[in-house]
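*Asks:* Structure incoming, see below.
The values are calculated or read from the model by the stated rules, or taken from the named source; none is laboratory data. Fair warning: this is a prediction, and the values are worked out from it, not measured in the lab. Quick reminder, even Gly has a Cβ in these numbers, built from the backbone with ideal geometry, and neighbours come from all protein chains shown.
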């Protein structure tokens with residue numbers, strides 16, 4: 001049954017309607033999909049919102065999104081995303097990572113580590129592949145994974161280039 005607007009709708013705006021739903025399948029007018037129809041990531045996804053702090057061990061999380069502050073150990077996750085303004089402090093071992101905020105500690109990324117221009121990592125970084133947008137910074141040690149430290153996930157081919165190690169800190173020199 002269409003909702004009756006209190007005033008005329010603007011041009012191009014369609015009045016929302018409720019979908020035909022089985023009894024008990026809605027919460028506040030929103031349709032919840034059965035768990036069997038949800039994406040796998042949706043069931044094991046943790047979002048720490050802005051102005052939220054979380055501390056502890058995270059062990060069964062496929063996808064962690066950090067918009068606030070997390071002080072934790074993330075073991076064997078699929079991906080971590082630290083949004084601009086977010087802070088992850090601790091240790092993380094994941095298949096992929098996107099850092100747009102601040103990561104402080106040790107991060108092991110079996111696949112691709114991507115950093116945006118606002119990203120900052122301080123500490124130890126071990127990675128399979130690395131992508132840094134201009135402006136992204138790493139302060140600490142940087143090592144392309146070797147041996148058991150980083151086993152490439154099945155979906156990511158192991159790099160064919162020799163593995164190396166690079167350590168640096170401080171300001172970039174302008175030559």
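*Asks:* Just checking, how many residues over the stretch 126-155 are at pLDDT below 95, surrounded by fewer than 15 Cβ atoms within 10 Å (Cβ to Cβ) and in a loop (DSSP other than H, G, I, E, B)?
*Replies:* Matching residues across the stretch 126-155 total 4.
*Asks:* Let me ask another. Hey, can you tell me all the residues within the stretch 53-68 that are over 13 Å from the mean Cα position of the chain (by Cα) and surrounded by 13 or more Cβ atoms within 10 Å (Cβ to Cβ)?
*Replies:* Of everything in the stretch 53-68, those that are over 13 Å from the mean Cα position of the chain (by Cα) and surrounded by 13 or more Cβ atoms within 10 Å (Cβ to Cβ) turn out to be 54, 58.
*Asks:* Consider the stretch 84-125. How many of its residues are at negative phi and not in a strand (DSSP E or B)?
*Replies:* The total comes to 8.
*Asks:* Listed residues 78, 112; which is crowded, with 17+ Cβ neighbours inside 10 Å and at pLDDT 95 or above?
*Replies:* Of the residues listed, the single one that is crowded, with 17+ Cβ neighbours inside 10 Å and at pLDDT 95 or above is 112.
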